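Here the structure is laid out as structure tokens; the discussion comes afterwards.
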Amino acid sequence: MIPLVPARHLVLLFALFVAPALAHATIGDDLPTLRAAYGSAKEVGNEMLFRHDGYSIAIAFDGTRAAMEIFLRDGSVPTKPDMTQEDIDTILKNEGAGQDWRAVNTPNGQPMWMRHDNKVLARFNTNEKILTVMVNDR
């Protein structure tokens, strides 16, 4: 027989499992949503710079909405000095808005992906280990 769990405990368990999945932001989010996901930020020029989960994340805005996010491992997690394919896959999944990404061939051979709705693209600079996710204006 399975013991019954009080409803208040179920709510707590649900929150513990769901909260980590909600700790990301996406292209198009406003500053309050970004702060809720990534924490406090510094204003650097026309961008906001966040440090979250081992990344430095620079956000550029189109008006009040995030139009470009640049992810770079910042060394705060010693076991993850550089961006890996697993990191890229996780970020793209979070940025996917429930959609898949497809790889795009580029003339310079640098990895690039397009979200299936063609509204967002991502580029990975293999030399600098930087992932840029941005609105696709084309």
Among segment 96-138, those whose backbone N falls under 11 Å of a label point 7 Å along Cα→Cβ from Asp82 are 126-130
As straight-line cross-link partners of Lys129, the qualifying lysines (C-alpha separation under 19 Å, not fewer than 8 residues apart within one chain) are Lys80, Lys93
A correct Karplus calculation of ³J(HN,Hα) over segment 59-67, with 6.51 cos²θ - 1.76 cosθ + 1.60, θ = phi - 60°, whole Hz and x for Gly and Pro, returns 10, 9, 10, 10, x, 9, 10, 5, 10
Classified through the alpha carbon gyration tensor (a ≥ b ≥ c as square roots of its eigenvalues; rounded if a/c is under 1.5, else prolate when a/b is larger than b/c, else oblate), segment 25-135 comes out oblate
Taking 116-127, 34-45, 101-112 and ranking on average Cβ neighbours within 10 Å, highest first, one gets 116-127, 34-45, 101-112
The long-range amide H neighbours of Ala67, using H built 1.01 Å from N in the peptide plane and a cut-off of under 5 Å, are Gly28, Ala60, Phe61, Asp62
In segment 53-138, the GluC sites (Glu not before Pro) that sit in a DSSP loop and have at most 12 other Cβ atoms within 10 Å of their own Cβ are Glu128
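Where a number appears in this text, it was derived from the coordinates with a stated rule and is not lab data. As the structure is a prediction and not an experimental result, all values here were calculated from the model. Here the Cβ is made from the backbone with ideal geometry for all residues, glycine too, and neighbour counts use every protein chain on show.
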